[in-house]
Amino acid sequence: DGRYLLPVFPAVLILMLNGARRVLILCRRKRGPWPARLLVGLSLALLLGARFAFPPRLLGGSGFGMPAADLLADSKADGQAWLVSSDARGEGMFVAQVAMREQRRPTHFALRASKMLADSSWDGQDYQALFSTPGDLRDFLLASPVGVILLDTTMPPDRRVPHHALLELTLRDFPRDFNLLNTYPLTRDGIFYPKGLLVYRVAGRSTMTQLELEASLERILRRRVPDR
């Protein structure tokens, strides 16, 4: 993911500025047309290098605003937890949309499947799914306060991690427990998917006044949340 290159950017910028300073010092010491030509050539080389090293790209997807708005307007979803399963970018967009649109807090809880159904380090390394069978995952979801599940079906194969595939299989194998509520269009990498996001409602789930969840963040914070 390109966002992991951000920590390197300050060092690259410092090296570029230092190189430009040295070129300016050299130009001041030399006379004639070639120092100016050298400066222009090096500047173009730096610009082209930065262009290919950090190519511009789109955000990567859109379409999570509409489902977030519909769920926030649904009184049946008040006090429930909403589980979204996508890649890091998709889950982050849905959580951000809920946070921006919610007027009363905390009324709704947006959970990332990558944190609730799997364990990994902060950069996605040492990945381990927490459930191995559809039955085990079904039992966990029915015992949890999750009332709505959002499944992103637009992810390419190289981004589909085991817990996402298992969740998709669980929702398909247990239609009585997970009812398809709606479908929404998604755009990923410039491609439009008319039914890219599937939204399921957990059968028999009602509004809850108290939310109790535990997420494993031992590899990030070296403890579990909540810490008991």
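FYI, it's all coordinate maths here, none of it is from the lab. Source: prediction; values computed, not measured. So basically every Cβ, Gly included, is an ideal-geometry build from the backbone, and we count neighbours across all protein chains shown.
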message: Using a Förster radius of 35 Å, what is the FRET efficiency between Gln125 and Lys195 based on their Cβ-Cβ separation? Nearest 0.05, please.
response: 0.60
field: Label-point separation, Ala165 to Val12 (7 Å along Cα→Cβ), nm
entry: 3.3
statement: Between Asn182 and residues 5 or more places away or on another chain, the pairs with built amide H atoms under 5 Å apart involve Val199
- prompt: Could you give the nm distance between label points at Thr107 and Leu180, where each point is 7 Å from its Cα heading toward the beta carbon?
  reply: 3.0
- request: Quick one: net charge around Thr153, please, counting Lys, Arg +1 and Asp, Glu -1 for every other residue with C-beta under 9 Å from its C-beta.
  value: -1
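Counting Lys +1, Arg +1, Asp -1, Glu -1, what net charge surrounds Ser86 among other residues with beta carbon under 11 Å of its beta carbon?
Working: positive: Arg89, Arg112, Arg159, Arg160, Arg188; negative: Asp87, Glu91, Asp152.
Local net charge: +2.
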Sites Ser132 and Ala88, calculated FRET efficiency, Cβ-Cβ separation with R0 22 Å, nearest 0.05: 0.45
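Round to the nearest 0.05 the FRET efficiency obtained for Ala143 and Lys115 when R0 = 22 Å and r is the Cβ-Cβ distance.
Working: r = 17 Å, r/R0 = 0.79.
Plugging the Cβ-Cβ distance into 1/(1 + (r/R0)^6) gives 0.80.
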